[in-house]
Amino acid sequence: VQLQASGGGSAQPGGSLRLSCEASKTSHSIVVLGWARQTPGNERELVATWRDDGTINYVDSVKGRFAISINNAKNAVYLQMNSLKVEDTAVYYCYALLYKVGDFWGQGTLVTVSS
């Protein structure tokens with residue numbers, strides 16, 4: 001499956017951005033859709049995930065500020081990022097786990113939060 005992400009950019013602290021990602025059509029079941037982020041010198045970290053059973057999880061640092069949502073008809077996943085902080089600056093990656101296939105990553109999209 002191919003994942004096409006968009007929506008990165010710049011925002012001031014306290015601002016908002018919305019990331020979008022569409023997955024290409026696949027005959028395999030999507031088990032998890034989500035978003036990860038990575039800063040230089042650090043490992044990629046999943047920040048928000050949606051499972052096919054409806055479970056949603058967030059890393060503690062974004063709880064209450066970020067919201068993940070899904071459009072099943074479009075195989076799309078979105079990340080609404082509110083109350084952005086400087087430390088949210090990172091390259092964000094769209095993620096999918098396909099049943100009996102494995103992990104897939106989209107191209108990164110840069111989010112910069114600065115005043």
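The values are calculated or read from the model by the stated rules, or taken from the named source; none is laboratory data. Just so it is clear, the model here is predicted, and its values are computed rather than measured. All Cβ positions, glycine included, derive from the backbone under ideal geometry; neighbour counts span all protein chains shown. Side chains included, ligands, DNA and RNA excluded: accessible areas come from the protein's heavy atoms. Shrake-Rupley method; radii C 1.70, N 1.55, O 1.52, S 1.80 Å.
Report yes if Gly54 is at pLDDT below 95 and either within 11 Å of the chain's Cα centre (by Cα) or more than 18 Å from Ser6 (Cα to Cα) (or both), otherwise no.
yes
Based on what the data block shows, is Pro40 free of Cβ contacts under 8 Å to residues at least 60 places away in the same chain and farther than 18 Å from Leu98 by Cα? Spell out how you get there, then give the answer.
Details: free of Cβ contacts under 8 Å to residues at least 60 places away in the same chain: yes; farther than 18 Å from Leu98 by Cα: yes.
Taking the combined requirement at face value, the residue satisfies it.
Any idea how many residues of the stretch 71-114 are outside any strand (DSSP E or B), over 22 Å from Val32 (Cα atoms) and of a type in the set (Val, Ile, Thr)?
2
Which pairs have Cβ atoms under 8 Å, sit 6 or more apart or on different chains, and link a residue in the stretch 56-71 that is free of Cβ contacts under 8 Å to residues at least 12 places away in the same chain and closer than 12 Å to Glu45 by Cα to one that is surrounded by fewer than 15 Cβ atoms within 10 Å (Cβ to Cβ) and of a type in the set (Asp, Glu)?
none
Yes/no matrix, rows are residues, columns are (1) farther than 22 Å from Ser115 by Cβ; (2) open to solvent by 40 Å² or more (accessible area, probe 1.4 Å); (3) of a type in the set (Gly, Ala, Ser):
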{"position": "Gln4", "(1), (2), (3)": "yes, yes, no"}
{"position": "Gly7", "(1), (2), (3)": "no, no, yes"}
{"position": "Gly14", "(1), (2), (3)": "no, yes, yes"}
{"position": "Ser20", "(1), (2), (3)": "yes, no, yes"}
{"position": "Asn71", "(1), (2), (3)": "yes, yes, no"}
